[in-house]
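The structure appears below as structure tokens.
The values are calculated or read from the model by the stated rules, or taken from the named source; none is laboratory data. Computed from a predicted model, the values in this text were never measured in an experiment. Positions of Cβ are generated from backbone atoms using ideal geometry, with glycine treated the same way; all protein chains shown enter the neighbour counts.
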Amino acid sequence: MTSVELQVSEIFYSIQGESSHAGYPCVFIRLAGCNLRCSYCDARYTYEEPGQTRQLAEILAAIHRLPPVERVEITGGEPLLQEGVYPLMDALLADNRRVLLETNGTVSLARVPAAVHCIMDVKCPGSGMVQQTDQENFRRLTDRDELKFVVGDRHDYDWARQVITEKRLEHHPHLIFSPVADRLPPADLAAWLLADALPARLQLQLHTLLWPECRQGV
């Protein structure tokens, strides 16, 4: 049997800072490499610095040395660029973990196991990557999965609202709007959501509030 290898930026234990799972203890597996260059990216080190080649068994052993929490998130970069992510997800599910997958939505979700909770980051115009999303992924998401719009200005907000209408997502239970740090005051985004009574969750990155001086390992 061929061994499974992945390029890993970091593995760490922290508080989940985003999504409907925010606030819970979580183990993070941050994979290296990304096919996008978003203008506001806060994890450039995942593609500017080479990751470490790690065997699947080595990754699982590293996780088992951390506190035995239920949630494990696979993030990046873009984790679905690596073929080894699929056996990694299978192994984590077999280990009775609640597996979260943070993805930029540019790679098909068709092969992601049904039990994995997908968090798809829909790229708004301000990211500079708005044309890259795989449009078929919108229909691949289930009601358990989540859509996140990172909003940098009013144009981004109006665009995201239009996507929700066009894709008939008004009743999706997990719509998240998050302001770009240092670009959009959170109170402005809150005012727009309130004015439109948009059925979306306003979310700030909890980990950046808890540890504002840290850029990795949180």
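Please verify whether V116 is over 29 Å from D188 (Cβ atoms) and under 15 Å from the mean Cα position of the chain (by Cα), treating the condition exactly as stated. Yes. Being among the aliphatic types (A, V, I, L, M), in contact with a Phe, Trp or Tyr (Cβ under 9 Å, 6 or more places away or on another chain) and over 14 Å from D121 (Cβ atoms), is that true of even one residue in the stretch 32-54? Checked against the condition, which is being among the aliphatic types (A, V, I, L, M), in contact with a Phe, Trp or Tyr (Cβ under 9 Å, 6 or more places away or on another chain) and over 14 Å from D121 (Cβ atoms), the stretch 32-54 yields at least one hit. Collect the residues in the stretch 162-181 that are more than 19 Å from N137 (Cβ to Cβ) and either surrounded by fewer than 18 Cβ atoms within 10 Å (Cβ to Cβ) or more than 20 Å from the chain's Cα centre (by Cα) (or both), keeping them in residue-number order. Within the stretch 162-181, just A181 meets the criteria.
Note on the stretch 24-45: residues that are among the small types (G, A, S) and over 15 Å from the mean Cα position of the chain (by Cα) amount to 1.
Suppose we filter the stretch 179-194 for residues that are more than 17 Å from S19 (Cα to Cα) and at pLDDT below 95; how many remain? Count: 2. Any chance the stretch 89-102 includes a residue that's under 25 Å from R183 (Cα atoms) and out of contact with any Pro (no Cβ under 9 Å at 6 or more places or on another chain)? No, the stretch 89-102 contains no residue that is under 25 Å from R183 (Cα atoms) and out of contact with any Pro (no Cβ under 9 Å at 6 or more places or on another chain).
Looking across the stretch 1-23, just one residue is under 11 Å from H207 (Cα atoms) and among the hydroxyl-bearing types (S, T, Y), and that is S14.
So that you can scan it fast, the table gives a plain yes or no per residue for (1) of a type outside the set (G, A, S); (2) within 26 Å of Q131 (Cα to Cα):
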position	(1), (2)
E5	yes, no
Q16	yes, no
Y24	yes, no
G84	no, no
L88	yes, no
L101	yes, yes
A110	no, yes
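Among the residues of the stretch 55-86, write down those that are closer than 27 Å to C124 by Cβ and β-branched (V, I, T). Those that are closer than 27 Å to C124 by Cβ and β-branched (V, I, T): I74, T75, V85.
Among the criteria (1) under 15 Å from P199 (Cα atoms); (2) crowded, with 18+ Cβ neighbours inside 10 Å, the one F138 does not fulfil is (1).
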